[in-house]
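Asker: Got a structure for you, questions after.
Read-outs throughout are calculated quantities, based only on the coordinates presented, and are distinct from any laboratory measurement. Small disclaimer: the values here were computed from a predicted structure and weren't measured. Heads up, the Cβs are rebuilt from the backbone with ideal geometry, glycines too, and the neighbour counts pull from every protein chain shown.
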Amino acid sequence: MKSIKEIAEILSLDLSERELGNPYFNDSDYRSCPLNKEYFHEINSNKSDRKIAFVDGGNQELLPSPVYSVQLNRVYFSIFKNNKRQTIQSGIPQRIEFLSYTSSKFKDGDIIFQTKIRPVKDKFSEFLPDEIDLQVNAREEKVEAGTQVGMDRMASMARRFAEWKITEQVIDLELESDDIIIRDGSLQTGHQNEYKYVEDVFRKAMEKDVIITGLSKTCRLTTDTQVSLIDSIQRLAEESGVKYDKWCYGPVAWSKEANREHKAMIMVVKLNKHAHTAFRFEIFKEQAKNMDDKEIYELIACIADNSRDIKVPGYPYGLIDADLWARVKNEEMEGYKTKLYSELSRMGIWTQVNPLIKIVNTHEKLDGQ
């Protein structure tokens, strides 16, 4: 207890000595805006007939090893209007599932990751990325090859690309002018070939005048005094006497024209009086530039109206719903694992696969003791 108390005191002193600072991006591709209490704006109730679509995805590992990973992937979307779930008109499957096999091999002195994908149902094929886009050089992708962390990152790429493919289809076939689509997370790309899919989404959104946004459950951005950006803005609201039940703050930053990986205007939003925290919120930059303040506030008000769930106030119910249906739960994995292990045994290669699983599963076994 003595060491716990001392660490708590160190933490308390450290936090109390840090000033709020200003938004910090360790990247010249952003133009950040100094913190300013004038950037707070009240979000008023706004009844609207706009449809809001929500997209999320999840993946879990079925078969681990140091050199390959078999994953179960899932992508889901839903549409709400006036907080009522809408029937899908186009016949797009709301939830798609597929298996992926990611492996690493040496080629011309470099380590190459490649992923093969197979839909759980044939009708899901058109919503999956091209396998050629899932082949990347570890050095160019800036991952540490030969580590499980690197393999985990590469194995998630197929699911991310599929999220963008579904997003484009939803914009094209289900949404109309002034409707909104919200992706779980940032609009920033995280992989070498991801921009191809993102550009298709942005192009379609511009054609249809559908506003594309992203809302992040977590935010690791900081200020130049190394304080959490979200915490700094919330403290600024308190210190400035901001009494709004719901507010948006921004802009925090704009991505610059040279930034191909991230095209967004970044804000922070508190979407409910009882929200336990504010969230990072983004709007596709080209659309944000063409919107006046009133249009931006009305857009956020529509999202706030969907953020009244009693379990997680301040977080859009549509994203709660999307997370619920997109998440791959541990109990669901057992059926897939049993069938896969059985098939490997039938083919006579289980004795080769099993030792590789044990190599990376020892930690899990210790956790279970």
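Asker: Can you give me the C-alpha center-to-center distance between the stretch 74-130 and the stretch 260-317, rounded to a whole angstrom?
Answerer: What the calculation gives is 26 Å, centre to centre.
Asker: Normalised by the residues of the stretch 190-280, what does the relative contact order come to in percent, with Cα pairs under 8 Å and at least six apart? List each step's numbers first, then the result.
Answerer: On the way: 87 pairs, mean separation 23.4, N = 91.
In percent, rounded to a whole number, it is 26.
Asker: Over the stretch 280-348, with a single point scatterer placed on each C-alpha, what log10 of the ratio I(q)/I(0) does the Debye formula yield at q = 0.19, 0.26 1/Å?
Answerer: Scattering profile of the stretch 280-348, log10 relative to I(0): -0.86, -1.10.
Asker: Next question. Once you put a point 7 Å from the Cα of Asp122 and another 7 Å from the Cα of Asn290, both along the Cβ direction, what distance in nm separates them?
Answerer: Here the answer is 4.1 nm between the modelled labels.
Asker: Show me the ranking of peptides 101-114, 291-304 by mean Cβ neighbours inside 10 Å, starting with the highest. Don't skip to the end; give the middle numbers.
Answerer: On the way: 101-114: 14.9, 291-304: 17.7.
The most tightly packed comes first, giving 291-304, 101-114.
Asker: With both partners inside the chain, how many of the DSSP beta bridges are antiparallel, as a percent to the nearest 5? Mind dumping the intermediate values first?
Answerer: Numbers: 60 of 69 bridges.
In the chain, approximately 85 percent of DSSP beta bridges are antiparallel ones.
Asker: Something else now. Can you give the angle from 0 to 90° between the axis of helix 350-367 and the longest principal axis of the chain, with both taken from C-alpha atoms, to the nearest 10?
Answerer: Approximately 40 degrees, to the nearest ten.
Asker: Also, quick follow-up: For Ile320 and Ser28, compute 0.36 nm times the residue count separating them, minus their Cα-Cα distance, and round to one decimal in nm. Provide the component values of the computation, followed by the final result.
Answerer: Working: separation 292, 0.36 × 292 = 105.12 nm, distance 3.41 nm.
The Ile320-Ser28 span can extend by a further 101.7 nm.
Asker: Follow-up question, since we're still on this one. Who wins for biggest fluctuation among Asp245, Asp152, Asp122 in a Gaussian network model of the chain, springs between alpha carbons below 10 Å?
Answerer: Ranking Asp245, Asp152, Asp122 by mean-square fluctuation puts Asp122 first.
Asker: Another question about this same structure. Label the stretch 202-324 by shape, choosing from rounded, prolate and oblate, from the square roots a ≥ b ≥ c of the eigenvalues of the Cα gyration tensor; if a/c is under 1.5 it is rounded, and otherwise prolate applies when a/b is larger than b/c, oblate when it is not. Could the numbers behind the result be given before it?
Answerer: Numbers: a/c = 1.61, a/b = 1.19, b/c = 1.35.
Because a/c hits 1.5 or more and a/b fails to exceed b/c, the stretch 202-324 counts as oblate.
Asker: Rounded to the nearest 0.05, what FRET efficiency is calculated for Asp14 and Arg327 with R0 set to 35 Å and r the Cβ-Cβ distance? Write out the running numbers ahead of the final one.
Answerer: Numbers: r = 35 Å, r/R0 = 1.00.
So, using R0 = 35 Å, E works out to roughly 0.50.
Asker: Here is a further query. Quick one: Kirkwood hydrodynamic radius for the stretch 1-131, alpha-carbon pairs, angstrom, one decimal?
Answerer: On the way: mean 1/r = 0.0472 Å⁻¹.
Result for the stretch 1-131, one decimal place: 21.2 Å.
Asker: Please state the relative contact order of the stretch 80-139 as a whole percent: Cα pairs under 8 Å, 6+ residues apart?
Answerer: Details: 69 pairs, mean separation 17.9, N = 60.
Once divided by the residue count of the stretch 80-139, the mean separation gives 30 percent.
Asker: Provide the percentage of antiparallel DSSP beta bridges, counting only those with both residues in the stretch 53-185; round to the nearest 5. Please list the in-between numbers first.
Answerer: Working: 34 of 37 bridges.
In the stretch 53-185, DSSP labels about 90 percent of beta bridges as antiparallel.
Asker: With label points built 7 Å along Cα→Cβ from the Cα atoms of Glu42 and Met1, find their separation and express it in nm.
Answerer: 4.9 nm
Asker: Any idea what the relative contact order of the chain is, in percent, if you count C-alpha pairs under 8 Å spaced at least 6 apart?
Answerer: Values: 685 pairs, mean separation 82.2, N = 369.
Here the relative contact order equals 22 percent.
Asker: If you look for lysine pairs in the stretch 248-347 that are eight or more places apart or on different chains, how many of them have Cα atoms under 17 Å apart?
Answerer: 9
Asker: Say R0 is 56 Å: what FRET efficiency, to the nearest 0.05, do Glu238 and Glu207 get from their beta-carbon distance? If you can, show how the numbers build up before the last one.
Answerer: Values: r = 43 Å, r/R0 = 0.76.
Efficiency, from the Cβ-Cβ distance: 0.85.
Asker: Say R0 is 41 Å: what FRET efficiency, to the nearest 0.05, do Asp245 and Gln135 get from their beta-carbon distance?
Answerer: Details: r = 50 Å, r/R0 = 1.21.
Computed FRET efficiency for Asp245 and Gln135: 0.25.
Asker: Using per-residue counts of other Cβ atoms within 10 Å, averaged over each peptide, order 333-339, 307-313 from highest down. Write down the numbers at each step before the final one.
Answerer: Numbers: 333-339: 12.6, 307-313: 15.3.
By packing density, highest mean first, the sequence is 307-313, 333-339.
Asker: Nearest 500 deg cm²/dmol is fine: what mean residue ellipticity at 222 nm does the chain get from its DSSP H runs of n ≥ 4 alone, each adding -39,500 (n - 2.57), divided by its residue count? Please report the intermediate quantities before stating the final value.
Answerer: Details: 11 runs with 135 residues, N = 369.
Helix-only estimate at 222 nm: -11500 deg cm²/dmol.
Asker: So, one more: In whole Å, what is the distance between the alpha-carbon centres of the stretch 333-348 and the stretch 1-69?
Answerer: After rounding, the separation between the Cα centres reads 40 Å.
Asker: On to the next question. Return a single number: how many Lys pairs in the stretch 1-124, at a sequence separation of 8 or more or on separate chains, have alpha-carbon atoms below 24 angstrom apart.
Answerer: Details: Lys47/Lys81; Lys47/Lys84; Lys51/Lys81; Lys51/Lys84; Lys105/Lys116; Lys107/Lys116.
Taking the stretch 1-124 as the scope, the lysine pair count is 6.
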